[in-house]
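The values are calculated or read from the model by the stated rules, or taken from the named source; none is laboratory data. Since the structure is predicted, the reported quantities are computational estimates derived from the model, not experimental observations. FYI the Cβ positions are ideal-geometry reconstructions off the backbone, even for glycines, and counts take in every protein chain you see.
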Amino acid sequence: MAQLRHSSIMLTILLSIALPSISASDCQPQEVPCLETLSRPQYGLSEAEIALYPEPNVQALTINNNLLYDRAYQQIISNDPLIIYDAPNGNATGTLDAGFDFLTTLRNQDGWTEINTDQWVHSEQLGPMGASVSHFTGVLLPETPLPYPMAWLLVNLYPSTAPGEDPDSSLGLLPRYTRVNIYSSVEMDGYNWYQVGVDRWVHQFHVAKIEPIQRPETVDTDHWISIDLYEQIAIAYEGDTPVFATLVSSGLERWPTQEGLFHVYFRRTRKNMSGGTPGDDFYFLEEVPWTMFFDEGRALHGAYWHDGFGYRRSHGCVNLSITDAHWLYQWVAEEMDSLSSAEQETGPAVYVYSSGQYN
């Protein structure tokens with residue numbers, strides 16, 4: 001059965017998994033007992049089995065606050081164009097259209113903020129520093145394949161004690177970005193419920209899973225990256241071996257990330273990005289970190305302006321946390337120079353695909 005993904009402002013992700021599952025509609029007498037007749041120990045893994053692998057055997061990247069906050073990131077909160085002056089109480093020298101705008105700022109002085117040398121704006125038009133910087137990180141994968149698929153929770157949730165049941169607060173709150181094993185899967189009403197612990201089940205909408213793929217024949221570099229637009233997962237490979245995985249935020253339906261095979265062709269440690277139409281979808285993002293262009297103006301890059309990884313939300317680029325983008329930037333450098341000509345697609349291959357379908 002084809003699985004669909006619903007699209008909304010915070011996109012809930014439908015996920016499928018290649019694990020044995022029980023469907024309530026498939027139960028037959030004297031075969032597999034129907035879910036209604038099963039006591040909880042009769043489906044899913046037992047406590048003893050789960051105790052052998054209580055959590056995913058992966059290594060999260062180390063968070064470096066000096067890396068996250070080496071700039072003072074501030075959003076423009078005014079609905080009017082931002083007027084830029086040559087000094088506090090000085091002369092107006094330019095404007096920046098209103099939109100989704102972020103600046104990296106230098107210093108404050110008597111109600112004014114310096115945004116670049118000899119460029120000042122009213123401090124009251126800027127939001128708090130670093131308010132949206134994410135501490136999320138991806139994971140390094142072991143050489144030996146994981147015994148169970150790993151997933152991240154996409155929302156704060158209370159698990160259910162059994163598939164299809166209401167959340168049970170007595171089981172404790174599981175925070176967003178928690179890493180879990182998917183021990184087993186049960187299909188109910190056309191959707192999967194995943195076992196993530198002893199008597200702990202979550203709906204497939206609420207997780208994004210790591211699912212490495214076989215190397216496509218068209219991939220022509222040793223280092224390569226797969227980006228699953230359905231799962232919102234990026235995986236870095238060396239040869240046939242997945243070595244790193246993380247959540248991403250790709251393009252929204254209006255500005256999609258294109259499927260296909262590409263190559264990283266140009267890198268910058270910092271790059272100003274802007275686009276859209278003033279009054280509609282205009283954006284200006286100053287000093288976007290660890291940018292790796294792979295498809296015309298689309299790039300893998302760090303995003304300091306949101307913590308919504310696992311959901312589509314960009315204008316076509318593939319957003320990563322700053323920590324993840326820095327790691328990937330260094331890893332990509334193993335196959336290309338810091339600055340590569342746009343005409344020479346010499347960097348790692350980037351294979352963009354979708355393992356499922358949005359509705």
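Overview of results
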item: Test: residue in the range 68-83 that is within 27 Å of the chain's Cα centre (by Cα), under 30 Å from Val243 (Cα atoms), in a strand (DSSP E or B) and modelled with pLDDT of 95 or more; result: no
item: Strands (runs of 3 or more DSSP E) enclosed by the range 92-209 - at least 2 residues per element that are hydrophobic (A, V, I, L, M, F, W, C) and buried (at least 16 other Cβ atoms within 10 Å of the Cβ); result: 100-105, 112-116, 119-122, 150-153, 184-188, 191-197, 200-203, 207-209
item: Selection within the range 223-267 - free of Cβ contacts under 8 Å to residues at least 40 places away in the same chain, under 24 Å from Glu334 (Cα atoms) and surrounded by fewer than 21 Cβ atoms within 10 Å (Cβ to Cβ); result: Glu238, Gly239, Asp240
item: When residues of the range 283-335 are limited to those that are in a helix (DSSP H, G or I) and small (Gly, Ala, Ser), the one nearest to Ala245 (Cα to Cα); result: Ala325
item: Verdict on Glu287 being surrounded by fewer than 17 Cβ atoms within 10 Å (Cβ to Cβ) and of a type in the set (D, E, K, R); result: no
item: Candidate set from the range 310-342 (those that are farther than 27 Å from Asn65 by Cα and of a type in the set (Gly, Ala, Ser)); member that is modelled with the highest pLDDT; result: Gly316
item: All positions within the range 280-335 that are of a type in the set (S, T, N, Q) and farther than 25 Å from Thr62 by Cα; result: Ser314
item: Selected residue [among the acidic types (Asp, Glu) and in contact (Cβ under 8 Å) with a residue 40 or more places away in the chain] from Glu296, Glu287; result: Glu287
item: Residue check, Ile63 outside any helix (DSSP H, G or I), aliphatic (A, V, I, L, M), surrounded by 12 or more Cβ atoms within 10 Å (Cβ to Cβ) and at pLDDT below 95; result: no
item: Leading residue by the ranking (nearest to Ala234 (Cα to Cα)) among those in the range 315-338 that are crowded, with 21+ Cβ neighbours inside 10 Å and of a type in the set (Ser, Thr, Tyr); result: Ser321
item: Sole exception among (1) touching a residue at least 60 places away in the same chain (Cβ under 8 Å); (2) buried (at least 16 other Cβ atoms within 10 Å of the Cβ); (3) not polar (S, T, N, Q) for Ile84, by number; result: (1)
